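Working notes, structure below.
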Amino acid sequence: MIEALNLSEETTVRFFVRRRDIQIKIKEILEQRDLAMHELENEIKNDSQTSDAFYKEQVNKLISLKSGITSERENFIRSLGDILTPRQIAKLIVFESNFRREVRETLMKRGRDQMNN
């Protein structure tokens, strides 16, 4: 990624500090989401809640957490304007998209290979 963006050493340090900060925030939200999902799953398994209001509240909570993750990612991209050029930001977005796609395809291929063995 550093090579793709052609970053100087100073810019690299600033970028990764900012990236680490956002990753910490996103990790916290993901932990909240996982906990909420686990609690909801237990409620569904145990059939202990019959109130539609409860389920509506839980669904809204999960939607809000997912929205929070998206918002943090957007804020990160927008915050890069003082570190990267618009072209570098665009390259970063393309790089990350391609990387996620490649990881997803690799995992899917590995899953298919395991099913065929």
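The values are calculated or read from the model by the stated rules, or taken from the named source; none is laboratory data. Quick caveat, the model's predicted, so the values are computed rather than measured. For neighbour counting, all protein chains shown are included, and Cβ atoms are generated from backbone atoms with ideal geometry for every residue, glycine included. These area figures cover heavy atoms from the full protein model, side chains too; ligands, DNA and RNA do not enter into them. Shrake-Rupley method; radii C 1.70, N 1.55, O 1.52, S 1.80 Å.
I'd like the full set of residues that are more than 29 Å from residue 11 (Cα to Cα) and touching a residue at least 12 places away in the same chain (Cβ under 8 Å), limited to region 56-86. Scanning region 56-86 gives 58, 61, 62, 65, 66. Could you tell me whether any residue of region 57-64 is open to solvent by less than 50 Å² (accessible area, probe 1.4 Å), farther than 25 Å from residue 1 by Cβ and either in a helix (DSSP H, G or I) or not acidic (Asp, Glu) (or both)? Yes, that holds for at least one residue. Restricting attention to region 1-17, which residues are touching a residue at least 24 places away in the same chain (Cβ under 8 Å), surrounded by 14 or more Cβ atoms within 10 Å (Cβ to Cβ) and assigned to a helix (DSSP H, G or I)? Matches in region 1-17: 5, 11, 14, 15. Scanning region 102-117 for residues that are open to solvent by 90 Å² or more (accessible area, probe 1.4 Å) and part of a helix (DSSP H, G or I) yields 102, 104, 105, 107, 108, 109, 110, 112, 114, 115, 116. For residue 26, the conditions (1) over 20 Å from residue 1 (Cβ atoms); (2) in contact (Cβ under 8 Å) with a residue 12 or more places away in the chain all hold with the exception of (1). Residue check: residue 89 meets all listed conditions (1) touching a residue at least 12 places away in the same chain (Cβ under 8 Å); (2) closer than 20 Å to residue 23 by Cα; (3) open to solvent by 60 Å² or more (accessible area, probe 1.4 Å) but one, namely (3). Scanning region 24-56 for residues that are among the polar types (S, T, N, Q), in a helix (DSSP H, G or I) and more than 21 Å from the chain's Cα centre (by Cα) yields 42, 46.
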